[in-house]
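Written out below as structure tokens is the structure these notes cover.
Nothing in this text is a laboratory measurement; each read-out follows from the coordinates by a stated rule. None of these values were measured; they are calculated from a predicted model. Cβ sites come from the backbone with ideal geometry, for glycine too, and all protein chains shown count toward neighbours.
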Amino acid sequence: MHKSWQMEDGIPWWYPPSGARRLRGEWRNCEYCKERFPAVKSGRARYCSSSCSGTVTAASRYKTREDLFVHWTAEECYLAGLLWTDGCVSITAGYSVGSISLDMTDEEAVASAAAIAGCGYRRTERGTGRKPIFRMQFGHRAAVSRIFAAGIAEPKLTTRPWPDLPHPASFMRGAFDGDGTVRSFYQHFRKNGREYVNRKRTLISQFCGNGRFLEGMQQFLGTQGISHKNTYPIKGGIYGICWAKYDSLRLAQIMYSEQGPFIARKKDGFRLAPEDV
């Protein structure tokens with residue numbers, strides 16, 4: 001890879017996915033403030049932001065905090081988890097940087113994400129019988145470049161590895177709010193021709209992702225007392241992983257060990273009555 005496509009520490013700004021348009025990324029110096037910023041190699045961007053250029057660009061419409069993903073706080077790691085599993089990256093030819101968007105039917109998650117990023121979100125109706133979609137989007141060059149450097153890429157489910165972030169529990173909570181499920185139920189079984197119901201409720205939690213992501217997740221969970229689980233194929237390089245009752249309860253302890261936002265209904269899904277534990 002050409003040197004101009006890499007940050008000073010050697011981390012590439014952007015790898016194009018196989019078969020996609022070859023929009024290569026490079027680092028340029030802003031003609032006004034002289035700061036380095038990520039740009040599409042085929043674009044003609046000369047400035048790092050609209051404030052430096054004096055104009056409103058496509059990226060500047062999606063304002064956010066300038067220090068987003070600088071310190072990688074627990075809340076920012078949670079936001080990264082949401083974006084890792086449900087966020088989409090858009091890069092447009094001719095502009096210096098793309099934008100990252102989050103579209104979910106759960107307003108609670110999108111509102112929390114927007115508050116962390118320091119931007120707004122909007123609601124889009126989808127017709128009778130369908131839930132509305134809530135969207136947040138940001139295109140601040142520095143913020144986008146930082147999360148690119150952490151490993152986010154397109155397509156989302158098959159290319160994003162487990163990142164090395166300072167708050168993995170918060171990151172996993174965000175990822176679980178994006179792509180995880182949890183449910184509890186009474187088990188039914190048959191014995192001697194008769195059907196019985198287990199008096200204790202059981203609990204199952206599940207997650208899906210690519211092999212590298214799930215392996216990194218399991219390495220982290222292994223340090224927290226959860227043993228390695230076999231994954232099962234779903235489709236197109238996507239795999240699933242499942243935890244039974246007691247590992248699910250331990251998983252909840254890990255994910256909610258740090259203060260920060262969460263989807264309440266998913267956290268409540270891990271709760272069992274004392275007689276069921």
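Quick notes on this structure:
- A search for C-beta distances below 9 Å between a residue of the stretch 109-127 that is over 12 Å from residue 138 (Cβ atoms) and without any contact (Cβ under 8 Å) to a residue 24 or more places away in the chain and any residue that is surrounded by 15 or more Cβ atoms within 10 Å (Cβ to Cβ) and among the basic types (Lys, Arg), counting only pairs 6+ apart in sequence or on different chains, returns 122/135; 123/135; 124/135.
- Filtering the stretch 137-190 to residues that are within 11 Å of the chain's Cα centre (by Cα) and of a type in the set (A, V, I, L, M, F, W, C) leaves 147, 152, 153, 157, 162, 171, 172, 175, 176.
- Just so you know, in the stretch 233-277 the residues that are in contact with a Phe, Trp or Tyr (Cβ under 7 Å, 6 or more places away or on another chain) and small (Gly, Ala, Ser) include one that is surrounded by the most Cβ atoms within 10 Å (Cβ to Cβ), and it is 248.
- Of the residues making up the stretch 135-154, those that are surrounded by fewer than 21 Cβ atoms within 10 Å (Cβ to Cβ) and free of Cβ contacts under 8 Å to residues at least 40 places away in the same chain are 135, 151.
- Residues of the stretch 62-71 that turn out to be in contact with a helix residue (DSSP H, G or I) (Cβ under 9 Å, 6 or more places away or on another chain) and surrounded by fewer than 19 Cβ atoms within 10 Å (Cβ to Cβ), as a count: 4
- The numbered conditions (1) in contact (Cβ under 8 Å) with a residue 24 or more places away in the chain; (2) more than 22 Å from the chain's Cα centre (by Cα) are all true for residue 271 except (1).
- When the test is whether a residue is farther than 23 Å from residue 109 by Cβ and either among the polar types (S, T, N, Q) or not in a strand (DSSP E or B) (or both), residue 227 passes it.
- With respect to (1) in contact with a Leu (Cβ under 8 Å, 6 or more places away or on another chain); (2) farther than 19 Å from residue 265 by Cβ, the lone exception for residue 125 is condition (1).
- Subset of the stretch 191-206 that is out of contact with any strand residue (DSSP E or B) (no Cβ under 7 Å at 6 or more places or on another chain) and part of a strand (DSSP E or B) - its residue that is nearest to residue 267 (Cα to Cα): 200
Conditions (1) among the hydrophobic types (A, V, I, L, M, F, W, C); (2) in contact (Cβ under 8 Å) with a residue 40 or more places away in the chain; (3) farther than 17 Å from residue 241 by Cα, marked per residue:
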residue	(1), (2), (3)
167	no, yes, yes
179	no, yes, no
185	yes, no, yes
192	no, no, yes
204	yes, yes, no
208	yes, yes, no
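- Residues satisfying the criterion are absent from the stretch 155-178 (criterion: surrounded by fewer than 13 Cβ atoms within 10 Å (Cβ to Cβ), aliphatic (A, V, I, L, M) and within 26 Å of residue 103 (Cα to Cα)).
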